[in-house]
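Novice: There's a structure below that I have some questions on.
Bear in mind that the values in this text are calculations on the coordinates, not laboratory data. As the structure is a prediction and not an experimental result, all values here were calculated from the model. Virtual Cβ from ideal backbone geometry, glycine too; neighbours counted across all protein chains shown.
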Amino acid sequence: MKEASLSTPENFFGESIAEHYDESHSEMFSSSVIGPALDFLAGEAGNGAALELGVGTGRIALPLAGRGVRVHGIELSEAMVRQLRAKPGSDDVEVTIGDFATTTVEGAFSVAYLVFNTINNLTSQDAQVACFQNVATHLEPGGCFVIEVGVPSLRRLPYGETFNAFHLSDAYVGINEYDVANQGLVSHHYTAIGDRFERRSIPFRYVWPSELDLMARLAGMTLRERWSSWKREPFTSESTKHVSVWENPLDARRAR
Ligand SMILES: C[S@@+](CC[C@H](N)C(=O)[O-])C[C@H]1O[C@@H](n2cnc3c(N)ncnc32)[C@H](O)[C@@H]1O
């Protein structure tokens with residue numbers, strides 16, 4: 001397959017965001033959220049190593065390493081990695097700075113994972129396809145790629161509308177803006193600072209489960225499991241997110 005040339009992605013997780021990332025996503029750090037993800041990923045890692053794409057401040061990587069799994073992270077934002085490095089146990093997590101669609105690291109991994117909707121941070125189909133291909137070259141034969149991502153919530157968007165509010169309070173307003181023709185989504189976050197609101201807008205590319213399956217196929221992997229949660233609950237028409245696992249063939253031999 002012809003390689004697409006990809007531009008360096010913009011970093012939306014600079015110093016001011018990184019500094020407050022953990023507190024502003026505190027619900028995602030609770031043991032009821034993290035525990036099932038760790039059980040799932042540690043099970044997939046077995047005795048092998050894990051590669052986290054978009055490792056951030058180490059929400060998953062640090063406790064996974066704490067369970068004895070060797071974890072390597074790829075991350076675009078040096079500011080996020082500085083937050084990770086300030087935490088206990090961070091010496092156990094190696095990090096390479098770069099774009100996870102294209103950056104290569106040493107070693108072979110039994111599991112690679114991309115959680116918390118981060119596949120959507122790649123804003124073109126070419127970049128998402130490249131990400132699957134990059135992962136495939138890092139997996140051991142029989143190794144797997146795990147993605148946790150929301151099902152695009154287009155059923156909530158009335159015909160002809162492009163905006164959809166997902167949060168409204170005195171302190172914070174969240175609005176998604178859809179570009180349906182291009183599978184584009186910009187999340188607008190308005191945060192109250194004193195008597196004004198500060199806006200931060202982040203672009204995403206939403207992606208359907210079936211399209212991810214095709215991206216996996218292009219990279220030589222096949223779907224092994226799809227669940228609606230880390231607890232392996234069934235994926236149904238009403239599921240708002242999925243945890244999917246694609247597997248590298250046992251006879252895979254890849255050049256990096
Ligand atoms: C929503 S945060 C998730 C962080 C962490 N995985 C977690 O679960 O808390 C997304 C992270 O992915 C990083 N990121 C986004 N696009 C990236 C890319 N193309 N290459 C590497 N890292 C990227 C961001 O800098 C950010 O740290």
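Novice: With runs of 4+ DSSP H residues as the only contributors, calculate the mean residue ellipticity of the chain at 222 nm using -39,500 (n - 2.57) per run, divided by the residue total and rounded to the nearest 500.
Specialist: Taken over the chain, the calculation gives -7500 deg cm²/dmol.
Novice: Next question. Looking only at the chain, where both bridge partners belong to it, what percent of the DSSP beta bridges are antiparallel (to the nearest 5)?
Specialist: Bridges in the chain are about 65 percent antiparallel.
Novice: Would you mind giving the three semi-axes, in whole Å and largest first, of the ellipsoid equivalent to segment 49-115 according to its Cα gyration tensor?
Specialist: Values for segment 49-115, descending: 16, 15, 9 Å.
Novice: Another question, if that's okay. Which FRET efficiency value, to the nearest 0.05, is calculated for THR8 and ASP195 with the Förster distance at 51 angstrom and r the Cβ-Cβ distance?
Specialist: 0.85
Novice: Next question, about the same structure. Using Cα-Cα distances under 8 Å and only pairs 6 or more residues apart, what relative contact order does the chain have, in percent?
Specialist: Averaging sequence separation for qualifying contacts and normalising by length gives 17 percent for the chain.
Novice: A follow-up question, please. Of SER30, PHE132, TYR159, which is farthest towards the positive pole of the chain's charge dipole, taken about the Cα centre with +1 and -1 on the beta-carbons of Lys, Arg and Asp, Glu respectively?
Specialist: Positive-end residue among those listed: PHE132.
Novice: Please report, for the Cα atoms of segment 125-230, the Rg to one decimal and the Dmax as a whole number; what are they, in angstrom?
Specialist: Looking at segment 125-230, its Cα Rg and Dmax stand at 17.5, 56 Å.
Novice: Remind me, relative contact order of segment 30-149 in percent, using alpha carbon pairs under 8 angstrom and six or more residues apart?
Specialist: 26 percent
Novice: For the chain, build the convex hull from the C-alpha positions and give me its volume per residue in Å³.
Specialist: Taking only Cα atoms, the chain has a hull volume of 136 Å³ per residue.
Novice: Right, another one. With a cut-off of 18 Å, note down the residues of segment 89-117 whose backbone N falls inside the zone around a label point 7 Å from the Cα of ASN47 toward its beta carbon.
Specialist: So the set is 108-111.
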